[in-house]
Structures are given as structure tokens and as C-alpha cells.
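Participant: Would you mind keeping the following structure in view while I ask a few things?
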Amino acid sequence: MKYTRFEEVPVWKDAVKLARDVFEITRQECFRHQYGLVDQLVRAPLSISNNIAEGFERGTVRELIQFIYYAKGSAGEVRSMCHALHGLAGFETIADRVASLLASSESIGKQLGAWAASQRNSRISGSRFARP
């Protein structure tokens, strides 16, 4: 399927949902006064969806792949932070929600890896080079 807007891309939609889920979880009492952690935990999933959008809008496959890998790196950041939260004193009450964030970020990372691989094998240069 050829997408004409980044908003149509399933992994972008998943990344936005992950960001919303992170916003919700960071409202929990256990995150109170954890300003640096909350800031980083909120920024990483936003970076996933934003990098997908930016890469898509650049109009070249080469740049899209580059930004897909940036997004994949941000998904890894979310996974890493979830691992750090797991078992941390004071966060036991949200362990199931943290596990859900971990699973979502892992799924997104896999989707991004597959998308990058499919783009690397593409013979299309990108919309910037399309001829009318």
C-alpha cells in the first residue's frame, strides 16, 4: 500500500497511541517529583511519531530511512526506561502498565525495522523525484 500522508501509516498511529499512554501513566502519583524521568519518558515516544512524520515529509526514501532509524532509536529509549522502572520501589502499582508500554515500544521498534528494510529494497527514490 502506498501512503500519501504520514497520518495513514500504521506505525505512526501506534507511536501516537504510545505517547498518549505515556502521558496518562506519568500522571500517576509515583511520578510526582520525578521531573527528569517524566520529561524523558514523555519526549521519547513523541520523538518516534515526530521522526516518522519528518522523514515522510522529506520526500526521499534515503531521508525517510534515516528518520525511521531515529524513530527506532527513540522506541529503544522507551523500552530502556520501562526496564529501569520495572521493579523500582514505588512503581509496583503500575507494573502492568509499564509492561504494556514496554510491549508497545517493542512492537513499534519491530515495525520500524521492517519498514526500513522494505524501503532499502525499494527502487523508488521518493516523492521529491516523482515526475508528473
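What follows draws every value from the coordinates through simple rules; no lab data is involved. Bear in mind the structure is a predicted one, so any value in this text is a computation, not a measurement. Cβ coordinates were reconstructed from backbone atoms using ideal geometry, including for glycine residues, and neighbour counts include every protein chain displayed.
Participant: From the list F56, F67, which one is out of contact with any strand residue (DSSP E or B) (no Cβ under 6 Å at 6 or more places or on another chain), buried (at least 18 other Cβ atoms within 10 Å of the Cβ), without any contact (Cβ under 8 Å) to a residue 24 or more places away in the chain and part of a helix (DSSP H, G or I)?
Facilitator: F67
Participant: Do you know which residues across the stretch 72-114 are assigned to a helix (DSSP H, G or I), within 21 Å of R27 (Cβ to Cβ), touching a helix residue (DSSP H, G or I) at 6+ places or on another chain (Cβ under 8 Å) and among the hydrophobic types (A, V, I, L, M, F, W, C)?
Facilitator: Answer for the stretch 72-114, where residues must be assigned to a helix (DSSP H, G or I), within 21 Å of R27 (Cβ to Cβ), touching a helix residue (DSSP H, G or I) at 6+ places or on another chain (Cβ under 8 Å) and among the hydrophobic types (A, V, I, L, M, F, W, C): V78, M81, C82, L85, I94, V98, A99, L101, L102.
Participant: Which residue pairs have Cβ atoms closer than 9 Å, lie 6 or more positions apart in sequence or on different chains, and pair a first residue in the stretch 91-113 that is basic (K, R) with a second residue that is surrounded by fewer than 18 Cβ atoms within 10 Å (Cβ to Cβ)?
Facilitator: R97/D21; R97/E24; R97/Q28
Yes/no matrix, rows are residues, columns are (1) on the phi < 0 side of the Ramachandran plot; (2) not hydroxyl-bearing (S, T, Y):
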site	(1), (2)
P45	yes, yes
S49	yes, no
R79	yes, yes
G87	no, yes
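Participant: Within the bounds of the stretch 11-31, is there any residue that is surrounded by fewer than 16 Cβ atoms within 10 Å (Cβ to Cβ) and among the small types (G, A, S)?
Facilitator: For the stretch 11-31, residues surrounded by fewer than 16 Cβ atoms within 10 Å (Cβ to Cβ) and among the small types (G, A, S): absent.
Participant: Give all pairs with beta carbons closer than 9 Å in which a residue from the stretch 7-34 that is free of Cβ contacts under 8 Å to residues at least 60 places away in the same chain and within 18 Å of H86 (Cα to Cα) meets a residue that is among the hydroxyl-bearing types (S, T, Y) and part of a helix (DSSP H, G or I); count only pairs at least 6 apart in sequence or on separate chains.
Facilitator: E29/T93
Participant: Moving on. Is it the case that some residue within the stretch 31-53 is more than 21 Å from G113 (Cα to Cα), basic (K, R) and over 17 Å from the mean Cα position of the chain (by Cα)?
Facilitator: Yes, there is a match, as at least one residue in the stretch 31-53 is more than 21 Å from G113 (Cα to Cα), basic (K, R) and over 17 Å from the mean Cα position of the chain (by Cα).
Participant: Oh, and also: From E8, E77, which residue is acidic (D, E) and surrounded by 15 or more Cβ atoms within 10 Å (Cβ to Cβ)?
Facilitator: Only one candidate qualifies: E77.
Participant: Just a yes or no: is a residue in the stretch 31-49 closer than 17 Å to K110 by Cβ, β-branched (V, I, T) and in a helix (DSSP H, G or I)? Reasoning before the result, please.
Facilitator: Looking only at the stretch 31-49, we keep the residues that are closer than 17 Å to K110 by Cβ, and these are 44-45, 48-49.
Restricting the remaining residues to those that are β-branched (V, I, T) gives 48.
Still in the list and also in a helix (DSSP H, G or I): 48.
Within the stretch 31-49, one or more residues are closer than 17 Å to K110 by Cβ, β-branched (V, I, T) and in a helix (DSSP H, G or I).
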